[in-house]
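Only the coordinates and a few stated rules stand behind these numbers; no lab work does. Bear in mind that the values here come from a model prediction, so they are computed numbers and not experimental data. All Cβ positions, even for glycine, are placed from backbone atoms using ideal geometry, and neighbour counts span all protein chains on display.
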Amino acid sequence: MSTVKTRAFVLLGSVVLAFVFLMPTFFKPSFKDIQWLSKPLSLGLDLSGGVHIVYEVQQEEAVRAKMQATANSIRAELRDAKIALTAVKVPESRKLELTFLNDQTAERGKAKLLEGHKDLQFFDKIPDGTKAKLIYTISDKDAQVVATESVSHAVETLRNRVDQFGVAEPLIQRVGTNRILLQMPGVSDVASVKKVVGNVAKLEFRLIPIPGSSEGTVPIKDKAGATVLVEDQPLMTGQDVAVARVAFEQGVSVSLTMTSEGARTFRKITAENVGRQLAIILDNVLYSSPNINEPISGGQASISGGFTVEEAKQLAVVLRAGALPAPLKVMEERTVGPSLGAESIKKGITAIVAGFLMVALFMVFYYKKSGVVAVISLLLNLILIIAILSAFGATMTLPGLAALALTVGVAVDSNVIIYERIKDELYNGAGRDAAVRQGFDKAYTAILDANLAALFVGLILYFLGTGPVKGFAVTLSIGVCTTLFCAVFASRIAFDAFELKGKKLPLSI
Amino acid sequence: MSRKVTKIDFLGVFPLAVIFSLLLIAGSLYIFFAKGETKYGVDFTGGYEFLVSAAENGSADGVRAALNAKGYENAVVQSFEVGSNQYLVRLEGDQTESEALKSKVKEIMTSSFGSASDILRQDFVGPTVGNELRTKALLAVLVALAGILAFISFRFEFAFALGAVVALFHDVIISTGIYLLSGQTFSMGAVAAALTIVGYSVNDTIVIFDRIREELTHRQKFNLIDVMNECINLMLSRTLITHLLTLFSAAALYFFGGGAISDLSLYLLAGIIAGSYSTIYIACPVVLMWHKMKGGAIEAA
């Protein structure tokens with residue numbers, strides 16, 4: 001009756017939809033317009049080759065950096081308020097230590113800080129000879145905020161840096177509370193990736209101290225490994241840099257253009273310190289220390305220090321994208337060479353096709369025309385699975401192929417159960433129509449329960465699993481649904497359709 | 001159309017079968033524990049793993065010797081794919097040595113085995129991550145098993161669920177034993193293969209149980225073992241055909257799959273065979289023995 005036509009229509013509709021979703025995978029160039037509807041099936045790294053790195057954000061370091069920044073601004077404030085601060089230290093990531101000239105100065109300092117710095121908690125006052133020390137800590141709540149923000153900030157910075165790398169479809173994802181997953185398909189040069197992506201890239205401008213000055217100093221190493229003293233107060237940082245570019249004057253260098261704020265600060269600093277050396281420090285390594293001959297108003301500076309072109313490019317990328325709020329530690333790193341990825345795909349496809357052919361041959365040979373229906377339903381099953389994976393933007397991985405193998409096995413089993421049941425009914429004397437109906441009906445509970453169990457497992461694994469297990473679970477869950485659709489719904493249409501034409505075209509079984 | 005239904009007494013020999021299975025399980029557990037930490041790949045132990053290719057004169061021993069000579073005393077080397085020139089090399093180290101280690105390994109390969117030698121794949125897993133992967137994989141599998149137990153109890157009854165899960169354990173343990181015996185190590189991919197085996201085993205068991213459930217609804221008085229035998233015989237053609245076809249597919253994976261897939265397909269083959277066997281000789285006996293112990297009627301769910 002008309003239900004066959006309706007059902008056939010539904011089936012046809014799904015097939016067409018499936019092909020729409022599949023087109024980007026198989027006909028990449030010509031379907032740019034349909035991009036908004038569906039994307040090509042993305043391949044996991046084990047199939048496409050590429051780099052996979054899991055970083056852990058060192059959150060305590062971000063807290064320490066915040067304390068350091070707070071220390072710097074307190075120093076400036078107290079100097080402006082003419083309160084005699086002799087030393088500022090951040091001895092631990094959550095502690096701030098201020099040394100004052102004497103006890104009264106310390107009390108004035110304490111009062112001043114109470115006004116401005118609500119995030120600091122007063123901890124203790126310790127005498128230090130004639131001087132006095134005030135110790136402050138950052139509240140746990142505020143520290144937690146810094147820690148959490150550092151991860152989102154790191155993700156953003158990584159994204160900026162990776163964008164500049166020009167990788168097709170990189171994946172940058174926060175994992176858990178403090179980890180970041182970075183996947184770059186098709187990239188084989190892990191070393192460059194790690195340099196550009198993983199370095200903190202903290203840029204600072206400090207003055208080289210004049211001998212005998214009272215400013216605090218800190219020793220750092222330069223590129224040759226020698227130790228140099230610089231003032232411990234940074235005057236400008238990478239935040240004041242708007243643009244960084246590779247330049248080829250006097251060898252390879254990186255030219256910096258400041259923001260308008262930064263340019264103003266730069267002018268002020270250079271005006272006040274003509275004759276001194278300005279140290280340019282990157283990640284606590286001194287790169288160069290040019291003399292300030294005159295005030296600089298254009299907001300331009302350049303870093304040169306024996307770079308190769310590659311190094312200069314990487315540095316420019318990193319400075320443009322901004323510094324990381326904290327160092328990243330590599331927890332996991334995997335690289336699959338592109339040739340291995342391509343080989344895996346080829347072999348995987350060969351194996352699946354070979355297995356499928358054997359199954360198809362058997363089905364047609366044993367079940368004759370009904371076998372043909374089963375083979376078509378299997379093909380449809382595979383097509384639907386891949387189409388749905390593409391539609392959801394899921395990734396096909398090597399374990400996903402294993403799940404595919406399992407799904408095909410279960411799908412074949414479903415067909416066999418139905419057909420054997422139909423044969424049983426025929427043997428027991430039922431007429432053709434009745435046998436088909438009984439066969440499908442009685443087989444239904446078995447197929448339903450078996451597939452539901454698999455779906456249940458698939459969903460549990462999806463929510464609990466990571467990486468390969470998740471890839472397996474996605475394909476399995478989708479496969480179960482398509483199997484139910486194809487084995488029960490789709491095959492039945494074929495049988496019913498063939499019964500209900502005017503002439504009898506029974507399907508042999 | 002005539003169809004002869006067989007009347008083979010499958011379950012008659014189940015005590016023998018159970019003993020046979022117990023022996024296999026014991027053997028597999030022994031292998032599992034005897035191998036200690038070496039059974040885990042780098043995914044679970046942490047460290048470096050390289051897949052290298054030797055252009056000429058390669059052999060697992062040769063690669064190991066070359067690495068030992070350059071100071072890598074604890075290198076673990078094994079052949080990756082039968083007949084290929086690819087080898088899996090496992091080395092200890094932490095994250096800071098990554099680039100240095102890679103160039104050294106490449107240098108050793110090209111200097112000893114021809115300039116076309118190469119590193120095809122490299123993995124580094126930090127120690128914390130290794131442990132986490134282990135715990136997470138185990139947790140996921142255990143919860144999945146609990147899920148199966150719950151689902152089958154709900155759709156059938158507890159005795160059947162128990163039978164299915166025991167059969168599951170049997171299949172995974174024995175196929176894992178065979179997998180480890182062939183010299184392979186556990187990686188996340190192996191976990192995926194184990195899950196595939198779980199899937200097949202459950203599928204097979206549920207299909208037979210469904211028939212038993214159906215037959216039981218038609219009878220007032222019955223002898224459970226007779227009903228089970230009858231169902232197995234009734235479904236014999238389906239059972240043989242499906243298992244033949246899945247074996248075809250697994251064999252195709254084994255012969256054509258290449259490297260990673262090939263090793264795991266051995267695992268799958270063992271699992272599929274175990275799965276077919278366990279449905280009849282583990283799952284059903286468990287249900288039988290449970291009912292003997294508890295007495296009482298089976299709810300025809």
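Figures for the structure shown
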read-out: Residue-wise HN-Hα coupling along segment A:105-121, computed from phi with Karplus coefficients 6.51, -1.76, 1.60 (Hz; x: Gly, Pro); value: 4, 4, 5, 4, x, 4, 4, 4, 5, 4, 5, x, 10, 6, 7, 9, 10
read-out: Kirkwood Rh and Cα Rg combined as Rg/Rh, the protein assembly as shown; value: 1.10
read-out: Dipole in debye (nearest 20) - chain B, about Cα centre, beta carbon charges: Lys, Arg +1; Asp, Glu -1; value: 980
read-out: Principal semi-axes in Å for segment A:199-334 [√(5λ), Cα gyration tensor, largest first]; value: 24, 19, 15
read-out: Within segment A:70-110, backbone nitrogen closer than 19 Å to the virtual label 7 Å beyond the Cα of A:Ile135 toward Cβ; value: A:71, A:86-103, A:106-107, A:109-110
read-out: Test item: A:413-423 mean partner chain Cβ contacts at 10 Å; value: 5
read-out: Helical mean residue ellipticity (222 nm; -39500 (n - 2.57) per DSSP H run of 4+; nearest 500) of the protein assembly as shown; value: -20000 deg cm²/dmol
read-out: More than 22 Å apart - percent of Cα-Cα pairs taken over segment B:47-125; value: 12
read-out: Over 20 Å [Cα-Cα, segment B:105-162], rounded percent; value: 60
read-out: Extension gain, A:Asp433 back to A:Asp128 (0.36 nm per residue minus Cα-Cα distance, nm); value: 99.7 nm
read-out: Net charge dipole size for segment B:1-67 [Lys, Arg +1 and Asp, Glu -1 on Cβ; Debye, nearest 20]; value: 600
read-out: Förster-model FRET efficiency, 22 Å R0, A:Arg264 and A:Lys112, C-beta, rounded to 0.05; value: 0.25
read-out: Förster radius 56 Å - calculated FRET efficiency between A:Gln300 and B:Asn131 (Cβ-Cβ, nearest 0.05); value: 0.65
read-out: Span per principal axis, largest first, for the Cα atoms of segment A:61-142 (Å); value: 33, 25, 17
read-out: Normalised convex hull volume, segment B:1-141, alpha-carbon set, Å³ per residue; value: 217
read-out: Principal-axis tilt of helix B:224-234 within chain B, Cα atoms, nearest 10 degrees; value: 70
read-out: Distance between modelled label sites at B:Ser84 and B:His291, nm, 7 Å Cα→Cβ extension; value: 5.0
read-out: Inter-centroid distance (Cα atoms) of segment A:138-176 relative to segment B:139-201, Å; value: 38
read-out: Helix B:158-181 vs. chain B, principal-axis angle (Cα, 0 to 90°, nearest 10); value: 30
read-out: Relative counts (whole %) of C-alpha pair distances in segment B:49-89, using bins that are 10 Å wide; value: 34, 58, 8
read-out: Longest exposed-site-free window of chain A, the sites being chymotrypsin sites (Phe, Trp or Tyr not before Pro) in a DSSP loop that have at most 14 other C-beta atoms within 10 Å; value: A:28-247
read-out: Under 24 Å from the Cα of A:Lys423 - lysines, other chains or at least 8 residues apart; value: A:Lys368, A:Lys369, A:Lys442, A:Lys501, A:Lys503, A:Lys504, B:Lys4, B:Lys7
read-out: Alpha carbon centroid spacing (whole Å) that separates segment A:350-384 from segment A:62-84; value: 74
read-out: 25 Å Cα-Cα threshold exceeded, pairs from A:Lys133/A:Lys223; A:Lys118/A:Lys329; A:Lys66/A:Lys133; A:Lys329/B:Lys70; value: A:Lys133/A:Lys223; A:Lys118/A:Lys329; A:Lys329/B:Lys70
read-out: Percentage relative contact order, segment B:149-301, counting C-alpha pairs under 8 Å, at least six apart; value: 43
read-out: Anchor A:Lys221: lysines whose Cα lies under 22 Å away (excluding residues fewer than 8 positions away in-chain); value: A:Lys89, A:Lys195, A:Lys202
read-out: Positive-end residue of A:Thr265, A:Ile220, A:Asn381, charge dipole of the protein assembly as shown with Cβ unit charges; value: A:Asn381
read-out: Förster radius 60 Å - calculated FRET efficiency between A:Phe392 and B:Lys70, Cβ distance, rounded to 0.05; value: 0.80
read-out: Placed amide H near A:Val230: partners under 5 Å, 5+ positions off or other chain; value: A:Val218, A:Ile220
read-out: Using alpha-carbon coordinates, inclination of helix A:260-272 to the longest axis of chain A, degrees; value: 30
read-out: Distance between modelled label sites at A:Glu310 and B:Ala34, nm, 7 Å Cα→Cβ extension; value: 4.9
read-out: Estimated inter-spin distance, B:Asp9 and A:Lys5, nm [label 7 Å along Cα→Cβ]; value: 5.9
read-out: Convex hull volume per residue for chain B, taking Cα atoms only, in Å³; value: 145
read-out: About the Cα centre, charge dipole magnitude for segment A:93-186 (Lys/Arg +1, Asp/Glu -1 at Cβ), debye; value: 140
read-out: 10 Å Cβ shell holding at most 14 others, DSSP loop, trypsin sites (Lys or Arg not before Pro): longest site-free stretch of chain A; value: A:224-500
read-out: Among B:Val18, B:Phe50, B:Val63 the positive-end extreme of the charge dipole of segment B:1-77 (Cβ point charges); value: B:Val18
